[in-house]
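Asks: After the structure tokens below, expect a handful of questions from me.
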Amino acid sequence: MNGTLYGLIRKLEQTRSLTRTEYEYLITHRSQEAADTLAQKAVSARRRIYGNAVYVRGLIEISNICKNDCLYCGIRRSNRRCERYRLDAGQILSCCMEGYALGFRTFVLQGGEDGFFTDEILCGIIRSIKERHPDCAVTLSLGERKPLSYQRLFDAGADRYLLRHETADRSHYHRLHPPDMSFTRRMECLRSLRETGYQTGCGFLVGSPYQTAETLAMDLKFVETFRPDMCGIGPFIPHNDTPFRDMPAGDTELTCYLLSILRLIHPPVLLPATTALGTLDPDGREKGILAGANVVMPNLSPPSVRKKYELYNNKLCTGDESAQAKEHLAQRMKSIGYEIVTERGDAKTGNNKIR
Ligand code: 5AD
């Protein structure tokens, strides 16, 4: 490893901050040795805060109906071949019931931007989950909504919100999204979520079309300044029924490299080893954890709808990706020295508003 690269890694470790050009250098000059060094530093930074705990979240995909037309996404509005579904409150509550019995203490309600889920309907669902499982956290991942809507859902008991920014480069954002989607609005949503009091998660795609080391450096700089509680990153994987069908997928090594950098930028951040990482590489989740991630989100959706929530080709939803396989997942994590815990697993970022 050259001296400049090593110097940057040391600087990152000590100051938690690099310039955009320095991040760019770290990305373009990466080597196996640099990756190993970063991973080792990331793992010890995480161990100081979270020990060897890996948090699990039960992911419930409540609807694949979406008004947006993101060019990379398999459930985009104009994909006529996507078979649409929506879960009702009863189905969502039974997923939680099953998840609770399996040891999940966080439920993530994720879905497309489906107009059916008004504030009133969602607030009812959130209240019922919280009534039945007061010791559990509810995370929402339902896209862009109005500040008042975020406030109502928070008041109903939602604890966390995930909204990936997808890319922090405005012009890159517009190459991944149709003209009616706005970079400014997305960033405003993230700020609004934070102000409302949610533990807030942003995140970006790795290897999305037109991405460069420069756009990735902007993502890292954004995370450095925004200081999210969670940050979800995963490789882009093409979906056949989207305009990006012929674009190459992102790669596991770069994703892991970025996970290590993110851990060093903001040590208490919750970082999932995502389903996309597990889909691209059979050992993806373990590699993610060994690079500095500390969260896994097995699928708790009713098996009958799982295949329909196809964001990208061959998305894993059975096997170890399913919540029912939690024990097997626990064994695999144990084999690399980690322990899956039955806890809410809140972020230790110090941002959380007291209710
Ligand atoms: N490949 C990888 N991730 C994708 N997502 C959407 N489409 C794809 C794809 N083709 C991610 C987006 C979104 C999250 C729910 O899934 O980043 O925020």
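The values are calculated or read from the model by the stated rules, or taken from the named source; none is laboratory data. Keep in mind that what you see is a predicted model, and the values were worked out from it rather than measured. Neighbour counts are summed over all protein chains in view; Cβ atoms, including those assigned to glycine, are modelled from backbone coordinates with ideal geometry. SASA here: full protein model, heavy atoms, side chains in, ligands and nucleic acids out. Shrake-Rupley method; radii C 1.70, N 1.55, O 1.52, S 1.80 Å.
Asks: Using a simple charge model, +1 on the beta-carbon of Lys and Arg, -1 on the beta-carbon of Asp and Glu, nothing else, what dipole does segment 39-163 show about its Cα centre, in debye to the nearest 20?
Replies: 580 debye
Asks: Continuing with the same structure: Quick one: angle between helix 252-265 and the longest Cα principal axis of the chain, in degrees between 0 and 90, rounded to 10, please.
Replies: That helix lies at roughly 80 degrees to the long axis.
Asks: Putting +1 on Lys and Arg Cβ atoms and -1 on Asp and Glu Cβ atoms, find which of Ala323, Leu290, Thr349 reaches farthest to the positive end of the dipole of the chain.
Replies: Working it through, the farthest residue towards the positive pole turns out to be Thr349.
Asks: Just the isolated ones, please: cysteines in the chain lacking another cysteine beta carbon under 4.7 angstrom.
Replies: Unpaired cysteines in the chain: Cys66, Cys82, Cys95, Cys96, Cys123, Cys136, Cys189, Cys202, Cys231, Cys256, Cys317.
Asks: Which one, Met218, Pro268, Ala249, is farthest towards the positive end of the dipole of segment 180-268 when Lys and Arg carry +1 and Asp and Glu -1 on their Cβ?
Replies: Pro268
Asks: Next question, about the same structure. So, in Å, what gap is there between the alpha-carbon centers of segment 219-275 and segment 74-91?
Replies: Segment 219-275 and segment 74-91 have Cα centres separated by 25 Å.
Asks: What is segment 212-355 by shape, rounded, prolate or oblate, if you read a ≥ b ≥ c off the alpha carbon gyration tensor as root eigenvalues and call it rounded for a/c under 1.5, prolate for a/b larger than b/c, and oblate otherwise?
Replies: oblate
Asks: Work out the charge dipole of segment 1-57 with +1 on the Cβ of Lys and Arg and -1 on the Cβ of Asp and Glu about the Cα centre, then indicate which of Tyr55, Gln40, Gln14 is farthest towards its positive end.
Replies: Of the candidates, Tyr55 comes out farthest on the positive side.
Asks: List the residues, sorted by chain then number, that are 5 or more residues from Asn313 or on another chain and whose placed amide H is less than 5 Å from its amide H.
Replies: Amide H to amide H, under 5 Å and 5 or more residues apart or across chains, Asn313 pairs with His239, Asn240.
Asks: Considering only C-alpha atoms, what is the centroid distance from segment 11-26 to segment 107-172, in Å?
Replies: What the calculation gives is 33 Å, centre to centre.
Asks: A further question follows. As an exercise, use a Förster radius of 45 Å and the Cβ-Cβ distance of Ser31 and Arg81 to find the FRET efficiency, rounded to the nearest 0.05.
Replies: It comes out at approximately 0.60.
Asks: In what sequence, largest accessible area first, do Phe244, Phe116 appear using a 1.4 Å probe?
Replies: Phe116, Phe244
Asks: Using DSSP, restrict attention to beta bridges with both residues in the chain and report what percent are antiparallel, rounded to the nearest 5.
Replies: 5 percent
Asks: Could you give the semi-axes, largest first, of the ellipsoid that matches the chain, computed as the square roots of 5 times the alpha carbon gyration tensor eigenvalues and rounded to whole Å?
Replies: So the equivalent ellipsoid measures 29, 23, 20 Å along its semi-axes.
Asks: Okay, next question. Straight-line reach from Lys287: which lysines fall under 16 Å, measuring Cα to Cα and dropping same-chain residues less than 8 apart?
Replies: Lys41, Lys334
Asks: Express the carbon and sulfur contribution to the solvent-accessible surface of the chain as a percent, rounded to the nearest whole number, probe 1.4 angstrom.
Replies: Here carbon and sulfur together make up 51 percent of the probe-accessible area.
Asks: Same structure, new question: For the chain, what is the calculated [θ] at 222 nm in deg cm²/dmol (nearest 500), taking -39500 (n - 2.57) for each run of four or more DSSP H residues and dividing by its residue count?
Replies: The helix-only estimate for the chain comes to -13000 deg cm²/dmol at 222 nm.
Asks: Quick check for you: with a 1.4 Å probe and neighbouring chains kept, what is the accessible area per residue of the chain, in Å²?
Replies: Result: 40 Å² per residue.
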